[in-house]
Amino acid sequence: MRTESAHTAGLGERAGIVLFSQWTEFCGLRERVLRNGDIDPIHDLRVASRRMRATVGLFAPFIAGKTVKRISKGLRRVTRELGHLRNIDEAIIYIGALPAPLPALNRLLPSVREREMRAVTDVLKPFPRQEMDRMIRKAVAELAGIPHGDQALPVYLSEMSIQRYQAVHDLLLPATVPENVEIRHRLRIAIKKWRYLLETLGQVCQYDYSATLWTLKEYQTLLGSLNDMVEFAALCGTLTLPPHEREGITAALARDSAAYLARFIETAAARPLQYTFSL
């Protein structure tokens with residue numbers, strides 16, 4: 001069994017190792033997307049960019065200057081463009097699987113994807129990798145410089161964990177009200193932030209959060225599906241469609257939104273979230 005001093009020693013170093021590992025993964029995925037813009041690497045790069053932003057943001061108080069702001073700004077643009085492309089890819093899959101054929105919509109979406117893929121490439125090609133690498137290494141060095149046994153980092157992580165959980169807790173019940181679309185959107189983001197925090201803490205603090213993470217993923221997946229219905233409706237609203245196809249996609253989105261909401265309410269009742277934290 002580890003003593004308290006051993007338990008907290010090296011948190012800064014381990015945080016830096018996690019951050020640099022995420023950066024290495026991001027760089028490899030960026031190259032894959034530029035070589036082959038398939039759905040899987042696009043999704044993986046988007047998740048990698050979000051996870052890096054979450055990790056950099058989490059440890060921001062221990063990284064000096066404008067490093068965090070600059071790293072986050074560079075990654076945010078990648079996340080945003082990949083998000084647009086991901087929504088189109090998911091819409092193509094969803095609409096293609098509907099029982100009633102929507103030929104005009106299925107014909108228009110591939111050309112929309114081509115345009116968005118060009119926009120993604122325009123962001124990824126000039127991405128300042130060397131400059132970003134220098135900033136990441138600077139952040140890693142500063143995290144490694146946190147003295148072993150310094151209680152500032154453990155106390156801060158405990159406070160952040162409570163805040164992330166509380167944000168989810170406060171939104172959960174209002175999110176089950178059917179008309180509260182915006183609150184469900186905020187809850188999805190809050191769950192994502194808490195999930196990324198626990199994933200990072202699990203690596204940094206060498207603690208198994210898998211049970212809580214599994215439940216959070218289940219919540220996030222259902223809320224993500226609900227958000228997809230909103231995004232697909234917005235996407236279809238930008239396209240010129242025959243009236244019967246517009247009516248068809250509107251009806252399908254409303255039907256599936258109701259089904260996902262019912263599943264979310266059932267899940268929240270059957271598997272309530274519980275606070276967990278350990279260093």
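The values are calculated or read from the model by the stated rules, or taken from the named source; none is laboratory data. Please read all numbers here as calculations on a predicted model, not as lab measurements. Because the Cβ atoms are built from the backbone with ideal geometry, glycine has one as well, and the counts that use them run over all protein chains shown. For accessibility, only protein heavy atoms count, side chains too; no ligands or nucleic acids. Shrake-Rupley method; radii C 1.70, N 1.55, O 1.52, S 1.80 Å.
Some notes on this structure:
- Of residues in segment 228-279 being outside any helix (DSSP H, G or I) and either of a type in the set (Phe, Trp, Tyr) or farther than 30 Å from residue 154 by Cβ (or both), the one modelled with the lowest pLDDT: 277
- Residue 228 being under 19 Å from residue 176 (Cβ atoms) and touching a residue at least 60 places away in the same chain (Cβ under 8 Å): yes
- When segment 123-133 is filtered for residues that are in a loop (DSSP other than H, G, I, E, B) and surrounded by 10 or more Cβ atoms within 10 Å (Cβ to Cβ), the ones remaining, listed by number, are 127, 128.
- Count of residues meeting criterion [touching a residue at least 60 places away in the same chain (Cβ under 8 Å) and in contact with a Lys or Arg (Cβ under 8 Å, 6 or more places away or on another chain)] in segment 133-171: 1
- Test: residue in segment 175-182 that is of a type outside the set (A, V, I, L, M), part of a helix (DSSP H, G or I) and surrounded by 15 or more Cβ atoms within 10 Å (Cβ to Cβ): no
- Of everything in segment 85-117 that is open to solvent by less than 60 Å² (accessible area, probe 1.4 Å) and polar (S, T, N, Q), the residue that is farthest from residue 26 (Cα to Cα) is 111.
- Of all residues making up segment 140-170, the number that are open to solvent by 40 Å² or more (accessible area, probe 1.4 Å) and among the polar types (S, T, N, Q): 3
- Condition met for residue 137 (under 23 Å from residue 202 (Cα atoms), modelled with pLDDT of 95 or more and open to solvent by 30 Å² or more (accessible area, probe 1.4 Å)): yes
- Of the helices (runs of 4 or more DSSP H) lying entirely inside segment 1-73, those containing at least 2 residues that are within 13 Å of residue 141 (Cα to Cα) and modelled with pLDDT of 95 or more are 11-35.
- Here residue 120 meets the list (1) among the aliphatic types (A, V, I, L, M); (2) under 30 Å from residue 249 (Cα atoms); (3) exposed (fewer than 15 other Cβ atoms within 10 Å of the Cβ) almost entirely, failing just condition (3).
- Residue check, residue 198 surrounded by 15 or more Cβ atoms within 10 Å (Cβ to Cβ), over 18 Å from residue 179 (Cβ atoms) and within 20 Å of the chain's Cα centre (by Cα): yes
- Criterion (farther than 30 Å from residue 278 by Cα, of a type in the set (Ser, Thr, Tyr) and in contact with a helix residue (DSSP H, G or I) (Cβ under 6 Å, 6 or more places away or on another chain)) met by exactly one of 196, 260, 219: 260
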